[in-house]
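The values are calculated or read from the model by the stated rules, or taken from the named source; none is laboratory data. All figures in this text were calculated on a predicted structure; none of them were measured in a lab. Heads up, the Cβs are rebuilt from the backbone with ideal geometry, glycines too, and the neighbour counts pull from every protein chain shown. In case anyone asks, the SASA skips ligands and DNA or RNA and just uses the protein heavy atoms, side chains included. Shrake-Rupley method; radii C 1.70, N 1.55, O 1.52, S 1.80 Å.
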Amino acid sequence: MPASGKRAAARREIPDPLRRDVGLLGRLLGQVIAEQGGAALLRDVERLRRMVIAARGSARHEGMAERLVASWSVERAEQVARAFTCYFHLANLAEEHHRARVLRERDSGERPSSESLAATIGQLRRRLGARRLRELVAGLEVQPVFTAHPTEARRRAVVTAIRRVGDQLERLEDPRVSSAERQDATRRLLEEIDILWRTGQLRSTQPQPLDEVRAVTSVFDETLFRAVPEIYRAFDRALDPRGSGRRPSQAPAFLRFGSWVGGDRDGNPSVTAAVTEEAVVVQAEHALLALGNAATRIGRSLTAETGTTPASPALRRRLAAARRADPARAAELEKRSPSELHRQFLLHVADRLRTTLRGLDGSYESAAELIADLRLLQSSLVAAGADRLAYGELQHLVWQAETFGLHLAELEIRQHSSQLTASEDMLETFRTMSRLQQRYGVDACRRFVVSFTRDAADVAKVYELAALATGGAPPVIDAVPLFETQADLERAVEVLDDIIQLEPVRRRLAETGRRVEVMLGYSDSAKEVGPVSASLALYDAQAALATWAAARRVRLTIFHGRGGALGRGGGPANRAVRAQAPGSVAGRFKVTEQGEVIFARYGNPAIARRHIEQVTSAVLEASTRPVQLRAERAARRFRTVAADVGQAARVAYRALIESPGFDEWFALVSPIDELGRMRIGSRPSRRTGGRRLEDLRAIPWVFASQMRLNLPGWYGLGSGLEAASLSDLTDAYRSWPLFNALVDNAEMSLAKTDRRIAGRYLDLGGRPDLAERVLKEYDLTKQAVLAVTGHRRLLEDRRVLSWAIELRNPYVDALSHLQLRALRAIRRGRGGSSAERLLLLTVNGVAAGLQNTG
């Protein structure tokens, strides 16, 4: 099909409401560009837009686009780059808005949507029976851990501006608004797009860890604090639709959020003990304010009087104790609500939460104490016959207290095994953990992740340093080994056998019911041996760990250190859960969420609810015996195939990165060095000052997909697939969730690769041998993936997504041409700071266009 025909077909596949929103936002952006930059700027933007569309089927038009870009001044090139970047921000917003709209429409139907908790619970009840379902639900744990890894290219000001545009788009679609309100929404929409256009795309200063803490806590404020009880309510209805809100909840508070933001010291000198303490203080402020506001809101509405709803003796005793502790405040509450004892008590709870926020006498010492008060209130209401009041909004507050505690998210400390020394700041970190546990409870900060764990001695150092720092009275610590390299993954079980013999670990095993947590690193393993071999090595490690845990009667939680990009273990989270080794989930799933993924998955309430429901559904399903048995059979059946594919893929990948001069060549063909100057995170892009690939962190390695190659997501797979028979591969693709996810993720990565544009970047390196090797592997991989999947074109079975990529690609091409202009100038030693600024502007735009950074 010619390029024009493919584009027309793509437009037809885009749903009408989405096409309407993109068209509206694009027109308003064009109006703003003309107003602020003049009609000539808009003409230049349109000329480049038409050329890159035509260039999809014409080498002549591609040359014209390059010449047009080269003819502009740097200032004009920057303006055009800003125009395309703003367009992608708005297009992404429209897509997010449409996804939320579709989810609302699905939820309004009579039948539950697929992968919702209602659908999953119904299926599991039929397959497992009520008793086994209750057991499965009782052990459910889902733990997202937010990290500050620098993969969010957008400034927070830009993110906020986009969100305000989204608010007005919501107003426009609201059927309840009047004609005047709709006109005002259109005016505001244009105003907000104007602000977005004028907002600087690049950060002028390096973000500090506490800036990152505040960015993450905004997600809790704006989305998660409200979404979590809604998820639990949906779960409760799914478990027993009769009387939800009038009976004790059957849904456990299975969500726990964690954070590394302000606690991840690995390679980040900006994270100190003082920063860690302040991070938890900031988080706690948000948690306590949110809980206090909710308690106040519900308390003010709890106006049931004593005559209709008498308080229990236990509640009266608690009110009497509160009166003795603070007679003036008690008198004020009694005067305002003389016969409404339940109201008095919940407003008293709200007062104590505010006291806790200020750190004064009378504070809650733990979340358990707060939850006990709320349960007491529930019991009193139930005894008075007010079941709806006990299990309605008040139950939402109980769920919030159980999920967020007094600290919002558990702050986890991470440090590289080689840096566990008796430095003063390291010792102060353990003293800080003690203070935080005393003020906010043990769960506020008790995990210590040891990066690149080699042996049990690395974990032992954590406990030794904690005892040294605190004079033998250490805080509660759960040291978590992190295995990242292939060799360490293969030795994980052997190392764990030694770890559980350590005296502090044995003590914690006794205290926690033999719970053990182990973290597996996806990013560095993929950078070391390639995406295929790393995926297979991680699967084998999971299987070995599950067997080890069962043999030693250990309740194992595997913590998955996945990135957002496909080259770092990313991809759809629900499919990733189903692709885990049998027995390795067991009702518990913990995973890192970072950078742009945090805002993509949790920034919109409807999308956040859907994402959490999908992951939870996948965890429940993956923990059932029939699913595990099928995966076990597939893994045994295709063991030889996997070994052959993995070995050949590893050889191909290592041959590329070990080629003489590869590090220097890759630095020339990609903006990898310039990315370190983007100020998108507080952590340096390299662990050391070295220039080798092994010194480079996995995130900038993947972020270099800016060159339109996405090499970390697929390289080596073609060679790997060539090492096995097609019939075996197609069988594995159909039968084995791991292999299916591996191939599908690579297909997605290939679809976002553009061979033609990537070739332009590869030309910058002056190494045609390496360029030819990369492109040959691309061609081989694409051909092999199509053969295994049976598709005629990439993403053939995901029509809307594939056509959306088809529509986006020419506009990304425009930014790539601008980026190539800047890179050529920099590589020739010309252009100076202006060329680098243009380059960094295009990095933002390409990241938005590809919807992928690190």
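Where does the range 68-152 land on the Kirkwood hydrodynamic radius, alpha-carbon pairs, in angstrom?
Working: mean 1/r = 0.0552 Å⁻¹.
For the range 68-152, inverting the mean 1/r across all distinct Cα pairs yields 18.1 Å.
At a 1.4 Å probe, what is the % contribution of carbon and sulfur to the accessible area of the range 295-428? Provide the component values of the computation, followed by the final result.
Values: 3020 of 5790 Å².
Solvent-exposed carbon and sulfur of the range 295-428 make up 52 percent of the total.
Quick check: the distance between the Cα centres of the range 242-273 and the range 283-317, to the nearest angstrom?
Here the answer is 24 Å between Cα centres.
By per-residue mean of other Cβ atoms within 10 Å, what is the highest-first order of 208-215, 817-824? Let's see the in-between values first.
Numbers: 208-215: 20.1, 817-824: 24.0.
So the peptides 208-215, 817-824, ranked by packing, come out 817-824, 208-215.
Largest first and in whole Å, give the semi-axes of the range 302-362's equivalent ellipsoid, each being the square root of 5 times a Cα gyration tensor eigenvalue.
In descending order the semi-axes read 21, 11, 11 Å.
Which value, in debye to the nearest 20, gives the size of the charge dipole of the range 719-776 about its Cα centre, when Lys and Arg are +1 and Asp and Glu are -1 at the Cβ? It would help to have the intermediate numbers written out before the result.
Working: 8 positive and 9 negative charges, 60 e Å.
The calculation lands at about 280 debye.
Let me have the 222 nm mean residue ellipticity of the chain computed from DSSP H runs of 4+ only, each contributing -39500 (n - 2.57), with the sum over all residues rounded to the nearest 500.
Values: 41 runs with 563 residues, N = 854.
The helix-only estimate for the chain comes to -21000 deg cm²/dmol at 222 nm.
For the chain, with equal point scatterers placed on the C-alpha atoms only and solvent neglected, what are the log10 I(q)/I(0) values from the Debye formula at q = 0.06, 0.07 1/Å, to two decimals?
-0.42, -0.57
In the range 699-772, carbon and sulfur make up what percent of the accessible area (probe 1.4 Å)? All intermediate terms of the calculation are to be shown ahead of the outcome.
Values: 1070 of 2180 Å².
Carbon and sulfur together cover 49 percent of it.
Using θ = phi - 60° and the Karplus curve 6.51 cos²θ - 1.76 cosθ + 1.60, what whole-Hz ³J(HN,Hα) does each residue of the range 811-822 get, with Gly and Pro shown as x?
Karplus-based 3J(HN,Hα) across the range 811-822 equals 6, 5, 4, 4, 5, 5, 4, 5, 5, 4, 4, 5 Hz.
With the alpha-carbon atoms as the only input, what is the per residue convex hull volume for the range 565-677 in Å³?
Numbers: hull volume 14.4 nm³, N = 113.
Dividing the Cα hull volume of the range 565-677 by its residue count gives 127 Å³.
Could you tell me the distance between the Cα centroids of the range 780-851 and the range 448-482, to the nearest Å?
The distance from the Cα centre of the range 780-851 to that of the range 448-482 comes to 44 Å.
Translational diffusion coefficient, Stokes-Einstein: compute it for the range 141-246 using the Kirkwood radius over C-alpha pairs as Rh, at 37 °C and 0.692 mPa s, and state it as an integer in µm² s⁻¹. Provide the component values of the computation, followed by the final result.
Numbers: Rh = 17.3 Å.
Diffusion coefficient, whole number: 190 µm²/s.
Taking amide H atoms as placed 1.01 Å from N in the peptide plane, list the residues 5 or more away in sequence, or in a different chain, whose amide H sits under 5 Å from that of LEU406.
ALA367
Once you order the gyration tensor axes a ≥ b ≥ c over the Cα atoms, which shape class does the range 449-513 get: rounded for a/c under 1.5, otherwise prolate or oblate by comparing a/b with b/c?
Here the range 449-513 falls in the prolate category.
Given just the C-alpha atoms of the range 33-89, how large is their convex hull per residue in cubic angstrom? Write out the running numbers ahead of the final one.
Details: hull volume 4.0 nm³, N = 57.
Given the Cα convex hull of the range 33-89, per-residue volume reads 70 Å³.
Would you list, by chain and number, the aspartates and glutamates whose Cα falls below 18 Å from the Cα of LYS776, excluding same-chain residues fewer than 8 positions away?
Answer for LYS776, where 18 Å is the Cα cut-off: GLU658, GLU722, GLU747, ASP754, ASP763, listed by chain and number.
What order do you get for 480-493, 185-198 when each peptide is scored by the mean count of other beta carbon atoms within 10 Å, highest first? It would help to have the intermediate numbers written out before the result.
Values: 480-493: 20.4, 185-198: 17.6.
For the peptides 480-493, 185-198, the packing ranking is 480-493, 185-198.
With θ set to phi - 60°, apply the Karplus curve 6.51 cos²θ - 1.76 cosθ + 1.60 along the range 25-35 and write out the HN-Hα couplings as whole Hz, x wherever there is a Gly or Pro.
Whole-Hz 3J(HN,Hα) from phi for the range 25-35: 5, x, 5, 5, 5, x, 4, 5, 4, 5, 5.
Which value, in Å², gives the accessible area per residue of the chain when a 1.4 Å probe is used on the protein heavy atoms? Write down the numbers at each step before the final one.
On the way: 33470 Å² over 854 residues.
Averaged over the residues of the chain, the accessible area is 39 Å².
Beyond 16 Å, what percent of the Cα pairs of the range 396-494 remain?
I get 59 percent for the Cα pairs in the range 396-494 exceeding 16 Å.
How large is the charge dipole for the chain, taken about the Cα centre, if only the Cβ atoms of Lys, Arg (+1) and Asp, Glu (-1) carry charge, to the nearest 20 debye? Please report the intermediate quantities before stating the final value.
Details: 128 positive and 104 negative charges, 377 e Å.
Around 1800 debye, computed over the chain.
Using only the alpha carbons, work out the radius of gyration and Dmax of the range 754-854 in angstrom.
When restricted to Cα atoms, the range 754-854 yields Rg and Dmax of 16.1, 49 Å.
Mind listing the long-range amide H neighbours of ARG447? Cut-off is under 5 Å, sequence gap 5 or more, other chains count too, H placed in the peptide plane at 1.01 Å from N.
For ARG447, whose amide H was placed from the backbone, the distant partners under 5 Å are ILE413, ASP478.
Which whole-angstrom value gives the distance between the alpha carbon centres of the range 184-207 and the range 85-149?
31
Could you sort out which of LYS6/LYS782; LYS461/LYS590; LYS6/LYS752; LYS752/LYS782 sit more than 22 Å apart by Cα distance in this structure?
Long pairs (Cα-Cα over 22 Å): LYS461/LYS590.
Restricting things to alpha carbons, find the Rg to Rh ratio for the range 1-150 using the Kirkwood radius for Rh. Don't skip to the answer; put the middle values down first.
Values: Rg = 23.8 Å, Rh = 20.1 Å.
A ratio of 1.19.
Measuring from label point to label point, each 7 Å out along Cα→Cβ, what is the ALA321 to GLU424 span in nm?
My value for the distance between the label points is 4.3 nm.
When ranked by the protection proxy of mean other Cβ atoms within 10 Å per residue, highest first, what sequence do the peptides 759-772, 613-626, 395-408 form?
Values: 759-772: 17.2, 613-626: 20.9, 395-408: 24.1.
Packing order, densest peptide first, comes out as 395-408, 613-626, 759-772.
Calculate how steeply helix 503-512 sits against the longest principal axis of the alpha-carbon atoms of the chain, using the helix alpha-carbon long axis, and give the answer as 0 to 90 degrees to the nearest 10.
70
Considering only the chain, what is the antiparallel percent among its DSSP beta bridges, to the nearest 5? Write down the numbers at each step before the final one.
Details: 1 of 33 bridges.
For the chain, the DSSP antiparallel bridge percentage is about 5.
Compute the long axis of helix 393-404 from its Cα atoms, compare it with the longest principal axis of the Cα atoms of the chain, and write down the angle in degrees, 0 to 90, nearest 10.
Long axis of 393-404 versus the principal axis of the chain: about 60 degrees.
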